[in-house]
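Worksheet: the structure to be examined is printed underneath.
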Amino acid sequence: MQRIPLIAGNWKMHTSLAEARELATAVVSACKGLSDREVMIAPPFTALATVAEVVRGSQVRLAAQNVCWAEQGAFTGEIAPGMLQELGCSMAIIGHSERRQIFGESDVLINQRLAGAMHFGIIPVLCFGETLAEREAGQTMAVLERQVRLGLSGITVAEPDRLVLAYEPVWAIGTGKTASEQQAQEAHEFVRNLLFAMYEKSIAQQIRILYGGSVNSGNVDALLRQPDIDGALVGGASLKAESFERIIHFLQ
Ligand code: PEP
């Protein structure tokens, strides 16, 4: 069975409500008639309800940029899975490098978020990736192994389409420096083999691994032609309707 490519847009802390509505409308229209790929957008929490209205009935999936593990309670500043589902969110980005680096989220906390998301039926997009210093020190694969193993610690996967991974080298995020197709494929192949060691073959084979880090309309085709790259997590270029549309329409 082939993995269905997923193109995901992470809007980070951008867009007013009017901008979010306009951008989401453009994404919905760019997706019309596409059946061989999936598209997800992750607006800021404040725009989820607005964007939910726009994507309702379309094939565009709505995601949050983070999610708490608990159903409810004293978790100031957090959002529960059920609250997201009430808004029409079916997915959530977890462990983005900005959460790890700026907000100090640890592998343990990220694992807790992921377990909670899956428990309540939200599909997590687990992000991981090495810093430039780690790459230069030859630690890339060790860092990826640690982040993936700890992020997925105790997680059983019955349906491989209910979990998405995203390799995002930190040095490539928002910098305009993309990993070469070879660098990305090497990391993805490593993670795929790790999944084979952790899960049944039929499951490990089907889990999608996205690449993220300065993906744009010019480099998306070559990246997504790599055998273990199953889609893209796109930051900056997902904020411009024209470039995101071209990315959605990547050439297989
Ligand atoms: C991201 O935010 O996940 C990302 C990959 O950003 P950018 O595409 O801007 O590098």
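Where a number appears in this text, it was derived from the coordinates with a stated rule and is not lab data. If you're wondering where the values come from, they're calculated on a predicted model, not measured in any experiment. Positions of Cβ are backbone-derived with ideal geometry, glycine not excepted, and every protein chain shown enters the neighbour counts.
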Positions within the range 156-184 being part of a helix (DSSP H, G or I) and either away from the ligand (no atom under 16 Å from the Cβ) or in contact (Cβ under 8 Å) with a residue 40 or more places away in the chain (or both), in sequence order: PRO160, ASP161, ARG162, VAL170, TRP171, ALA172, GLU181, GLN182, ALA184
All strands (runs of 3 or more DSSP E) inside the range 2-92 with 1 or more residues being touching a Pro at 6+ places or on another chain (Cβ under 9 Å), charged (D, E, K, R) and under 30 Å from PRO227 (Cα atoms): 38-42
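Quick one: is LEU126 within 25 Å of ALA197 (Cα to Cα), assigned to a helix (DSSP H, G or I), in contact with a helix residue (DSSP H, G or I) (Cβ under 9 Å, 6 or more places away or on another chain) and not hydroxyl-bearing (Ser, Thr, Tyr)?
Details: within 25 Å of ALA197 (Cα to Cα): yes; assigned to a helix (DSSP H, G or I): no; in contact with a helix residue (DSSP H, G or I) (Cβ under 9 Å, 6 or more places away or on another chain): yes; not hydroxyl-bearing (Ser, Thr, Tyr): yes.
In short, no.
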Near pairs, Cβ below 6 angstrom, 6+ apart or cross-chain, from the range 205-216 (over 24 Å from LYS240 (Cα atoms)) to any residue that is near the ligand (Cβ under 9 Å from one of its atoms) and part of a strand (DSSP E or B): none
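Could you identify the single residue in ILE247, ILE229 that is crowded, with 16+ Cβ neighbours inside 10 Å, at negative phi, within 14 Å of the ligand (Cβ to nearest atom) and not in a loop (DSSP other than H, G, I, E, B)?
So the residue among ILE247, ILE229 that is crowded, with 16+ Cβ neighbours inside 10 Å, at negative phi, within 14 Å of the ligand (Cβ to nearest atom) and not in a loop (DSSP other than H, G, I, E, B) is ILE247.
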From the options ALA187, ALA222, ALA237, residue that is within 15 Å of the ligand (Cβ to nearest atom), out of contact with any strand residue (DSSP E or B) (no Cβ under 8 Å at 6 or more places or on another chain) and either assigned to a helix (DSSP H, G or I) or not aliphatic (A, V, I, L, M) (or both): ALA237
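Would you check if there is a residue in the range 69-85 being within 16 Å of the ligand (Cβ to nearest atom) and under 18 Å from the mean Cα position of the chain (by Cα)?
Residues of the range 69-85 that are within 16 Å of the ligand (Cβ to nearest atom), as a first pass: none.
The answer is no, given that none of the residues of the range 69-85 is within 16 Å of the ligand (Cβ to nearest atom) and under 18 Å from the mean Cα position of the chain (by Cα).
Answer with yes or no whether LEU210 is outside any loop (DSSP other than H, G, I, E, B), of a type outside the set (Val, Ile, Thr) and within 25 Å of CYS89 (Cβ to Cβ).
Details: outside any loop (DSSP other than H, G, I, E, B): yes; of a type outside the set (Val, Ile, Thr): yes; within 25 Å of CYS89 (Cβ to Cβ): yes.
Criteria met by LEU210.
Does the range 15-29 hold any residues that are surrounded by 20 or more Cβ atoms within 10 Å (Cβ to Cβ) and without any contact (Cβ under 8 Å) to a residue 60 or more places away in the chain, and which are they?
Narrowing the range 15-29 to residues surrounded by 20 or more Cβ atoms within 10 Å (Cβ to Cβ): 15, 20, 23-24, 27.
Residues satisfying the conditions are ALA20, ALA24.
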